[in-house]
């Protein structure tokens, strides 16, 4: 028995398939199921573009992850804080601290903060140009130049900042509080206090001969 034309066209398409999930003239899905919209020009999305632009030049290291609790009316509310150091290994570094409800979100925030706060580190070959003292709250970090081949003589938090900044030979001494956040910030303060030979000559108006 042949069904009327209106019933056949209302229920199915010409090929016997439902019109709800068919294909449109551009080859994409029409109606029915959900699809992910992609770019047709081959350009990367913003996140992919940022990863390609970095090209692996920036390195990051998670120094510490802490779980913190806030006491509220309904009980305790737990959050996570991440301390991350970012550097290119060629005289630039940054430190960031991020807080979020989950560990990955906290690390992402810390990485973004560290990239925004990157600073230049004056260097003399593979070491620092002169001795310097960095301070943050109750922590103090002493940084001293070392001859080539000495290596980075430092603890974990201090080592992370120095290595990612590109310093290969240095002597350090941590005094006072040994909290990771304080040591990293004290190291950052010390590196920011460094002055290159050109900076000293320009500020004093003299020529330095070594």
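Taking the condition in contact with a strand residue (DSSP E or B) (Cβ under 8 Å, 6 or more places away or on another chain), closer than 26 Å to residue 172 by Cβ and crowded, with 16+ Cβ neighbours inside 10 Å, does residue 62 pass? So residue 62 fails the test.
Would a scan of segment 182-199 turn up a residue that is surrounded by 15 or more Cβ atoms within 10 Å (Cβ to Cβ), outside any helix (DSSP H, G or I) and without any contact (Cβ under 8 Å) to a residue 40 or more places away in the chain? So far as segment 182-199 goes, no, none of its residues is surrounded by 15 or more Cβ atoms within 10 Å (Cβ to Cβ), outside any helix (DSSP H, G or I) and without any contact (Cβ under 8 Å) to a residue 40 or more places away in the chain.
Can you find a residue in segment 44-52 that is modelled with pLDDT of 90 or more, surrounded by 10 or more Cβ atoms within 10 Å (Cβ to Cβ) and closer than 30 Å to residue 167 by Cβ? Looking for residues that are modelled with pLDDT of 90 or more, surrounded by 10 or more Cβ atoms within 10 Å (Cβ to Cβ) and closer than 30 Å to residue 167 by Cβ, one finds none in segment 44-52, hence no. For segment 91-139, a residue qualifies if it is assigned to a loop (DSSP other than H, G, I, E, B) and under 15 Å from residue 159 (Cα atoms), and the qualifying residues are 91, 121, 126, 128.
All of 178, 150 fail the test of being more than 21 Å from the chain's Cα centre (by Cα), over 18 Å from residue 82 (Cα atoms) and part of a loop (DSSP other than H, G, I, E, B), apart from 150.
Criterion first (at pLDDT below 95, exposed (fewer than 15 other Cβ atoms within 10 Å of the Cβ) and under 30 Å from residue 69 (Cα atoms)) does residue 179 satisfy it?
no
Consider residue 142 against the criteria (1) within 24 Å of the chain's Cα centre (by Cα); (2) in a strand (DSSP E or B): it satisfies all of them except one. Which criterion is unmet? Only one criterion in (1) within 24 Å of the chain's Cα centre (by Cα); (2) in a strand (DSSP E or B) is unmet by residue 142, namely (1).
The values are calculated or read from the model by the stated rules, or taken from the named source; none is laboratory data. Remember, it's a predicted structure, so these values are computed and weren't measured experimentally. Here the Cβ is made from the backbone with ideal geometry for all residues, glycine too, and neighbour counts use every protein chain on show.
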